[in-house]
Amino acid sequence: MSFRGKSIALVLLLVVMLSGCLGGGAGKSGPKFNLEVYVSGQGSVNPKAGATSIPSDTLVTIEAIPASGWEFSYWIGDVSDPYSPKTEIMMDEDKSVTAVMYSEEESIFFETKDSSGAIVPGVSLMLTDSTGSVTTNSRGFAVVNTTAASTIVTGVMDGFVVEPTPLVVQKGDRISFTLSEGSVPLVFTAELTINHTVFKDTAKLNPFSSAKIREAMNWLIDREYIVSSIYTDHSPLTTVVVPDTFEYELMLDTIEALEQKYSFDAAKAEAVIHAEMEQLGAELVGGIWHYKDEPVEVKFLIRDDEVRTKLGDYIADQLKNVGFAVERIYLNGGQAVPIWMNGDPTDGKWNLYTGGWMVSKNYLSHHLLKQFHTPGSLGRLGEAYTHNPELIEVVDRLNGPFNSVEERKEVLKQSLELSLQDSVRVWLVYQ
């Protein structure tokens with residue numbers, strides 16, 4: 001684990017104090033290993049000058065010296081006593097250690113316990129500032145020294161739920177996390193997966209290669225109708241950020257504005273689709289869109305379970321209303337995945353798919369934006385995504401680091417806005 005940032009991490013060259021030696025003395029020839037020492041917070045180590053290349057099997061003594069107003073907290077790395085300011089390191093391989101200092105006003109203190117109050121070591125704390133991540137030590141705490149005005153922290157440990165998380169923290173905070181055995185709560189989401197590619201067969205027009213037509217699908221589909229007539233125990237979903245989560249509340253103003261902007265408006269959808277289809281060279285003949293004298297047929301992969309069949313049929317009917325011929329292809333998951341996920345999307349075997357996913361309520365959404373709206377991990381369809389470099393760049397920036405929560409909110413706002421303009425997925429409902 002490393003602490004980044006010039007103001008909080010200082011690599012110090014170390015003079016070797018030979019307090020002992022296993023298998024030879026200072027003059028022994030043989031392999032040497034590199035030792036790097038860092039300081040988190042304000043302070044230094046002693047001795048102050050020296051070499052970083054140290055003979056194998058040398059026992060090195062180091063001492064952490066906190067600055068005025070600071071105190072030594074603990075060492076990170078392979079030292080003999082991580083809680084003593086003066087300790088030793090056996091150089092049997094390359095090693096890196098960090099002296100962590102603590103200030104009540106400048107540091108952020110985290111502790112992790114179970115519901116009985118017993119300490120829980122080894123909990124990963126993911127932060128959106130330059131720290132990146134830290135892990136609670138054997139005494140169940142961690143100290144973060146940051147230059148950021150504020151940051152978001154998420155606690156993670158396999159097999160446990162960490163609460164409260166995520167949350168906003170800043171210098172001077174003391175945060176206590178409680179862990180309980182169990183799985184992170186998941187939410188079901190239904191969406192429309194869109195094949196956004198240009199087909200190899202130039203005689204076949206994929207209308208959804210147009211970002212404007214993909215965006216118009218948000219207006220063509222009535223989410224309120226879906227939750228009242230199809231997914232009756234679900235709620236509407238417009239963005240990848242699920243309601244009743246930390247990030248939804250954090251971005252509430254932005255998301256409410258997007259929910260309003262992309263609410264059902266069939267007339268607007270039809271007008272946008274009509275203008276864009278003509279721009280693509282298609283012609284509306286007898287109420288059906290034609291391209292190069294052939295009907296534009298939408299191949300719609302519809303999952304064959306009862307609810308998604310109803311959802312697919314509703315969307316297919318909406319597409320027919322704006323002039324598309326629709327081939328409804330009912331498949332189970334095993335039949336659909338080789339086509340929409342593993343197949344070459346430019347082959348033209350499909351245009352739309354009724355997708356469904358389980359997503360976590362306790363994690364931040366940048367990985368979901370990357371997975372679902374950029375060249376993420378979802379097979380060849382994701383690999384084929386190249387046409388919105390601005391969205392790709394903005395989503396990549398969500399990995400941080402950020403100097404404040406407000407800075408990250410602005411980048412997330414841009415990501416959500418651009419993802420809806422591009423709409424390679426149209427989010428529909430959640431439960």
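Structure values in brief
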quantity	calculated
Residue, farthest from HIS196 (Cα to Cα), within the stretch 406-431, restricted to residues that are surrounded by 21 or more Cβ atoms within 10 Å (Cβ to Cβ) and within 14 Å of the chain's Cα centre (by Cα)	ARG408
Residue that is nearest to ALA211 (Cα to Cα) [pool: residues in the stretch 275-290 that are part of a helix (DSSP H, G or I) and not polar (S, T, N, Q)]	GLU276
Of all residues in the stretch 23-60 being under 17 Å from THR98 (Cβ atoms) and not in a strand (DSSP E or B), the one that is modelled with the lowest pLDDT	LYS48
Residue selected from the stretch 227-281 under the condition over 25 Å from the mean Cα position of the chain (by Cα) and among the aromatic types (Phe, Trp, Tyr), by the criterion farthest from LEU319 (Cα to Cα)	TYR231
Total residues in the stretch 102-123, condition assigned to a loop (DSSP other than H, G, I, E, B), in contact (Cβ under 8 Å) with a residue 60 or more places away in the chain and more than 28 Å from SER68 (Cα to Cα)	1
Members of the stretch 94-112 found to be farther than 14 Å from VAL143 by Cα and at pLDDT 95 or above, listed by number	none
From LYS361, LYS370, LYS320, residue being modelled with pLDDT of 95 or more and among the basic types (Lys, Arg)	LYS320
Leading residue by the ranking (modelled with the lowest pLDDT) among those in the stretch 331-358 that are surrounded by fewer than 19 Cβ atoms within 10 Å (Cβ to Cβ) and among the polar types (S, T, N, Q)	ASN342
For GLY355: the one exception among (1) touching a residue at least 24 places away in the same chain (Cβ under 8 Å); (2) within 28 Å of PRO185 (Cβ to Cβ); (3) part of a helix (DSSP H, G or I); (4) not acidic (Asp, Glu)	(3)
Checking THR87 against (1) part of a strand (DSSP E or B); (2) of a type in the set (Ser, Thr, Tyr); (3) within 28 Å of the chain's Cα centre (by Cα), the condition it does not meet	(3)
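The values are calculated or read from the model by the stated rules, or taken from the named source; none is laboratory data. All values derive from a computational prediction rather than experimental measurement. No Cβ is skipped: glycine too gets one built from the backbone with ideal geometry, and neighbour counts run over all protein chains shown.
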